[in-house]
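Read the structure below first, then the notes.
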Amino acid sequence: MSCVTLMKTPRLFPIMVSFLGLSLVACTNHAPGLVGPPTSTPPPQASQGQSTSPPLNLGEGEFPVPAPSGTVQNPWARSAREVLLQPCGRCHRSDLPTASRGALAVFDLTRDPWYDKMSARQIAGLLARVRGNRDIPEWDKQVIESFVRCAQNKDCSTADN
């Protein structure tokens, strides 16, 4: 059955369009080489109050929810978010129709900071999931390991030890 024949079949066309749309939005394979380790800039000081997270392509006039005052920023947060967008964004982005309420209760990649609701157990679970994902390149796994080390142990160095 050709694509033209499928398009002419009224009942199959909406299903086909929905499937194509979901497959584009919900791709869970991480494209290698998109994210490398962060540059060697020093970590921001808590008093600066600057976000380390990248702007997302939200709708016009929409912005990530700001961090609560007094929240210390993790210098690995921006790079970690970039690593997680592809494999985790389907469920952990509140701006997508595929978002899961349970997943958003843990973290939402559209928030700034995206990790502010995570417990130590959830952060450790994030690391375990990333380590177990063969589609995530090793250097991206190292970014998540650095993010977790900073979040759990307050070791936020950006230099390789």
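Observations
- Residues of region 98-112 classified as touching a residue at least 12 places away in the same chain (Cβ under 8 Å), assigned to a loop (DSSP other than H, G, I, E, B) and either farther than 21 Å from Gln73 by Cα or among the small types (Gly, Ala, Ser) (or both), total: 1
- Region 83-96, residues that are farther than 15 Å from Pro137 by Cα and either touching a residue at least 40 places away in the same chain (Cβ under 8 Å) or part of a helix (DSSP H, G or I) (or both): Gly89, Arg90, Cys91, His92, Leu96
- The residues of region 114-141 that are over 11 Å from the mean Cα position of the chain (by Cα) and in a loop (DSSP other than H, G, I, E, B), listed by number, are Asp116, Lys117, Met118, Ser119, Gly132, Asn133, Arg134, Asp135, Ile136, Pro137.
- Restricting region 113-125 to residues that are of a type outside the set (Lys, Arg) and surrounded by fewer than 21 Cβ atoms within 10 Å (Cβ to Cβ), the residue that is nearest to Pro75 (Cα to Cα): Asp116
Only the coordinates and a few stated rules stand behind these numbers; no lab work does. These figures come from a predicted structure and were not determined experimentally. Don't worry about glycine lacking a Cβ; one is built from the backbone with ideal geometry, like all the others, and counts go over all protein chains shown.
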